[in-house]
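Below you'll find the structure, written out as structure tokens, and then a few comments.
Values quoted throughout were computed directly from the atomic coordinates according to the rules given, and no laboratory measurement underlies them. This is a predicted model, so every value here is computed, not measured. No Cβ is skipped: glycine too gets one built from the backbone with ideal geometry, and neighbour counts run over all protein chains shown.
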Amino acid sequence: MTDLAGPELGHQHERSVTPEVAPRDAFVDEVEGIVVHSRSFGRQAWDRFRRHRVAVVAALMLVVMAVAFWVGPKLSPYEFTEITIDIKQGPSLSHPFGTDPIGRDLMVRTFHGGRFSLRIAITVALLTTAIGTVIGAVSGYFGGLVDTLLSQLTNLFLIVPVIVVLLVVGIRWGASPNTVTVLLAFLLWPQIARVVRGLFLQYKEQEFVLAAKASGAGAARIMFRHIVPNTFGPIIVNTTLLVGIAIILESTLSFLGLGVQPPTPTLGNLVEEAKGAIDSQPSRVLLPGGFVLLIALCINFLGDGLRDALDPTSRRVRG
Amino acid sequence: MFAFVTRRLVTTIPLLLVATFLIYVLVSITGNPLARLATCTTCDPAAFQRIIELYELDRPIPVRYVGWVTGAVTGDLGTSTSLGAGTGDVLPILIDRAVNTAKLAVPAFLIIATLAISLGVYSAVRQYSLSDYTITGLSFLGISMPVFFFALLLQVVFGVWLRDWVDVKPFYVAGMRSGSFTEYLRSATLPVMTLVFVLTASESRFQRASMLEVIHSDYIRTAKAKGLSRRRVVFKHALRNALIPLVTIWALDFASLLGGSVVTETVFSWPGLGPALLRGISEHDLDLTMAIVLFVATLTIVFNLVADVLYGFLDPRIRYD
């Protein structure tokens, strides 16, 4: 899907046939008599993103879901912990997603769950990015001990079944959204760190870094003022994709009963609560689970579009 | 080659020790193994003391870990407190569970590898065609699919809807049956489908990328220019090189399949390593947990090594020194 937009040639300059009036951001090419618009990087990125139709649709759907999750419950007459006398109902007008065995409205619960899940996933992605960027930067820029530690840690994460750590810590400290967030960030940061490290290895030998060094900039300044801004594209792409990974991991953990504990609903523990009733009320499983799938799918498409937009140099052949 | 393998094995041993130590400590501090007994008012305090001595619970965790390693090296993996009759030896439980897991892992792996190659090659050869977009779209779906949701989806479709609407139940939605081959097929199909769907997605994308890279290289243009048939170029020239990077992915995926899948096996009540691990951890069954961790870690290391060695055979440009 990276290749959806097709090869991109000749879009650097937009040509216009009316040379007389030149807008502010354009200049007239005297020789050819045409107006050449100069476009900022942001404008170019936006144009590239826009052409990835699926990504645009995915972004819109994410906005719609976020609005539903945050605003939806406020419009409903029910609270997410409110117990009513309508128990185990199928979808109806008064309860669009049905109700659970103690009569709680499932649409409100699902939207609340979506809110918790999405909030956890986004926090995990941001936290992971912060940790991963700093460690990756230090590791790539200085090499040496930190670098060795990072690569050994990567090997360690490869052989320790991640699920064991998740399970053990989940059982020991699970329960609260905060511990789940920290735990997932702890598990995911090496991914970002490797990406940032690779970029740093590439950039630290370039002339602008040498120039900064020559003008007396310190290591921290070079790393975070000069190199990191160059890595924003790939970092934003990876952070976006991490939201998808985090939401799947969080819901899986909750599904196994080890993540966020009821009565706080998340999309995962709603499925967990409902799996015993899969025979009689399959919609209780399908709706919250479907939201996890939909969110992850939209985020993956969005990430793909952002890669086209922000990380154009990586537009090699890719799956 | 021999030196390479030896060096790799020697360097992974410390890694294995660190990994098992970390898990040992994590599991040991997770809960008090005597917690359940502590509520027992009619129990004999002497029995308590005997259990503490038997499991050396009064000694520091690192000391107990050394004891566990010594046992593991000599083939004694300890006793399970949660699975098996009474206090069973861990080793037979581990073997039994690993065999059950393999009953899913082996067929799943064969299907995944075949599907991933076919889909990857097909969509690379017809890049930007409708079928390429369809396959890419499907693989996005597979990558975004939470395993537990797909497993439950299969249960709903085959266990609820088919039964309610057309009154057929081709597959069992839970449990492992191995009475006859048909029974095995009926119980293994849905869990295998789950594993296949999720893993094929990422593998076929990788295969596609690898194939595209090869197809655009000079020697393929030469082969086409020589007038070779499309089939010959794709399968004889391109595919052989495009498969090489897949070896590493296969090794890792096969290792992780053989190590058991907690979610798939749990949803389908398949008595494999996954549920055993879940049970071991939630019931503080240290020896069982450690045995499974050791097994999974060893599998990963061995298969990684096999992949690297195979790589050398397949691609003579790679040298080990």
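Values computed for the structure shown
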{"read-out": "Two-site label geometry, A:Glu82 and B:Phe181: point separation in nm, points 7 Å out along Cα→Cβ", "value": "6.0"}
{"read-out": "For region A:74-81, Karplus couplings with θ = phi - 60° (6.51, -1.76, 1.60), whole Hz, Gly/Pro x", "value": "5, 7, 7, x, 9, 8, 6, 10"}
{"read-out": "Cut-off 14 Å between beta-carbons: net charge of the residues surrounding B:Leu94, Lys and Arg +1, Asp and Glu -1", "value": "-3"}
{"read-out": "Cβ neighbours within 10 Å from other chains - mean over B:18-30", "value": "4"}
{"read-out": "Projected area, mean over directions - region B:196-264, Cα convex hull, nm²", "value": "5.1"}
{"read-out": "Eligible lysines near B:Lys169 by straight Cα distance, threshold 28 Å, same-chain separation 8 or greater", "value": "A:Lys88, A:Lys275, B:Lys103"}
{"read-out": "Per-residue mean of C-beta atoms belonging to partner chains within 10 Å, peptide A:278-289", "value": "4"}
{"read-out": "Cysteines not pairable in the protein assembly as shown (beta carbon separation under 4.7 Å absent)", "value": "A:Cys298"}
{"read-out": "Most to least packed among B:251-262, B:284-295, B:177-188, A:269-280 [average Cβ atoms within 10 Å]", "value": "B:284-295, B:251-262, A:269-280, B:177-188"}
{"read-out": "Kyte-Doolittle mean at least 1.6 and Cα axial length at least 30 Å: DSSP H helices in chain B", "value": "B:2-30, B:90-125, B:286-314"}
{"read-out": "Modelled label reach - B:Ile244, point 7 Å along Cα→Cβ, region B:291-321 residues with backbone N closer than 16 Å", "value": "B:307-321"}
{"read-out": "Cβ neighbours within 10 Å from other chains - mean over B:135-148", "value": "6"}
{"read-out": "Percentage, to the nearest whole number, of Cα pairs in chain B over 25 Å apart", "value": "62"}
{"read-out": "Net lengthening on full extension, B:Tyr311/B:Arg126 (0.36 nm per residue, minus Cα-Cα)", "value": "63.8 nm"}
{"read-out": "The protein assembly as shown - mean residue ellipticity at 222 nm from DSSP helices (-39,500 (n - 2.57) per run, n ≥ 4, rounded to 500)", "value": "-22000 deg cm²/dmol"}
{"read-out": "Under 18 Å from B:Lys226, Cα to Cα: aspartates and glutamates that are on another chain or at least 8 residues apart", "value": "B:Asp218"}
{"read-out": "Packing rank of B:50-59, B:144-153, where each peptide gets the mean count of other beta carbons within 10 Å, highest leading", "value": "B:144-153, B:50-59"}
{"read-out": "Kirkwood hydrodynamic radius of region B:248-321, from inverse mean 1/r over distinct Cα pairs, in Å", "value": "13.7"}
{"read-out": "Debye log10 I(q)/I(0) for the protein assembly as shown, one point scatterer per Cα, at q = 0.05, 0.09 Å⁻¹", "value": "-0.28, -0.89"}
{"read-out": "Candidate lysines - alpha carbon under 21 Å from A:Lys213, same-chain residues fewer than 8 apart omitted", "value": "A:Lys204"}
{"read-out": "Region A:192-258-region A:133-166 distance, computed between alpha-carbon centres (Å)", "value": "14"}
{"read-out": "Surrounding net charge for A:Ala217, when Lys and Arg each add one and Asp and Glu each subtract one, Cβ distance under 15 Å", "value": "+3"}
